[in-house]
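Accompanying notes for the structure given below.
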Amino acid sequence: GEGRLLVVDGSLPSWETTGRLRWSDAGQVTAALRERFGFDAFVLRPLLGGRDDAGRGVWAYELEARSTPRHGRWIDGNGVGTLPDAEQRSIAAAALDGGARDEALRAPWSWPGWYDGVLPWIDERLEELGRRRVGEPNQTHAWAISSVLRIPTIAGDVYFKAVPPHFGHEAALTSALARRHRGRITTVLAADEERRW
C-alpha cells in the first residue's frame, strides 16, 4: 500500500538470490514475495537500489499487493523507528521518501490499479485467438521503459509488453515487422497502438 512498508519478524524482508538481481527484474522479486512471504504482488516501480561495500544489493520497490501476506505485516512511516538497526531505518525512510517524489514522471504501469485494466484486455485478446489463460500472469520486468508480463495459456506462454510515450511507435513497428518478416522476429498476436501495448 501507499506509504507502507512490509515488515517480517520485525525487519525489512531480505533473501539471497542466485546470481545478480537487476533492479528491473520484477520476476525474481514477485517470486520471492510469493514463495517466502506468502503473497502475490505486482512491482509498480523500483524506489531505490544499489550495492554496499560487500556487494550486497539493497533494493526497495513500490508494490501493488494482490493478496494478503501470510507472513509479516505492513507498517507506516510511524513504525520506522521500530526497525532493528540504523541501516534498516535509513533504507525505510529513503524508500518512503522515494515513493513521494517524481509523481509526474511515473510510467503508466507504476500506478496502483493499472494492471486491473490490462488483464481484461489480455484475456479478451486471448479468447479471440482461442488461447485462454490458464494461470496468473507473471511479471518479468517493471522499470521506466517497459512493463512485461508472461501469461500462461492453453497453447503455451505469451508475453505482454507496455512502453512509455517516448517509445510510442514500438507496437506499430513490431507489428509491421512481424507481418513483413514472419518467423524472423517475435510474432505479434495483438497490439493496441494507441495505448502502446
Exercise for the section: Can you work out which of the residues in the range 36-91 that are assigned to a strand (DSSP E or B) and basic (K, R) is nearest to R20 (Cα to Cα)? Expected result: R51
Problem - Whichever residue in the range 92-114 is of a type outside the set (A, V, I, L, M) and surrounded by fewer than 14 Cβ atoms within 10 Å (Cβ to Cβ) and, among such residues, is nearest to the chain's Cα centre (by Cα) - result: G113
Exercise for the section: Please indicate, with yes or no, whether at least one residue in the range 171-189 is under 15 Å from the mean Cα position of the chain (by Cα) and open to solvent by 70 Å² or more (accessible area, probe 1.4 Å). Expected result: no
Practice task
Could you tell me which of the residues G38, G81, G55, G50 is touching a strand residue (DSSP E or B) at 6+ places or on another chain (Cβ under 8 Å) and not hydrophobic (A, V, I, L, M, F, W, C)?
Solution key: G50
Practice task
Return only the number of the condition from (1) within 8 Å of the chain's Cα centre (by Cα); (2) at pLDDT below 90 that P13 does not satisfy.
Solution key: (1)
Exercise for the section: Inspect the range 115-128 for any residue being surrounded by fewer than 17 Cβ atoms within 10 Å (Cβ to Cβ) and in contact with a helix residue (DSSP H, G or I) (Cβ under 9 Å, 6 or more places away or on another chain) and give the result as yes or no. Expected result: no
Problem - Looking only at the range 129-149, and only at residues there that are closer than 13 Å to R66 by Cβ and assigned to a loop (DSSP other than H, G, I, E, B), the one that is least open to solvent (accessible area, probe 1.4 Å) - result: P137
Exercise for the section: Give just the number: which of (1) farther than 22 Å from V58 by Cα; (2) assigned to a helix (DSSP H, G or I); (3) more than 19 Å from the chain's Cα centre (by Cα) does G156 not satisfy? Expected result: (2)
Handout entry: Lone unmet requirement of (1) assigned to a loop (DSSP other than H, G, I, E, B); (2) among the hydrophobic types (A, V, I, L, M, F, W, C); (3) at pLDDT below 90 for L189
Key = (3)
Practice task
Take the residues in the range 33-80 that are under 20 Å from H141 (Cα atoms) and in contact with a Lys or Arg (Cβ under 6 Å, 6 or more places away or on another chain), then tell me which one is surrounded by the fewest Cβ atoms within 10 Å (Cβ to Cβ).
Solution key: G57
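The values are calculated or read from the model by the stated rules, or taken from the named source; none is laboratory data. As the structure is a prediction and not an experimental result, all values here were calculated from the model. A quick note on method: Cβ atoms are made from the backbone with ideal geometry, for glycine too, and the neighbour counts reach across all protein chains shown. Each accessible area value is taken on the protein alone, full model and side chains, heavy atoms only, with ligands, DNA and RNA left out. Shrake-Rupley method; radii C 1.70, N 1.55, O 1.52, S 1.80 Å.
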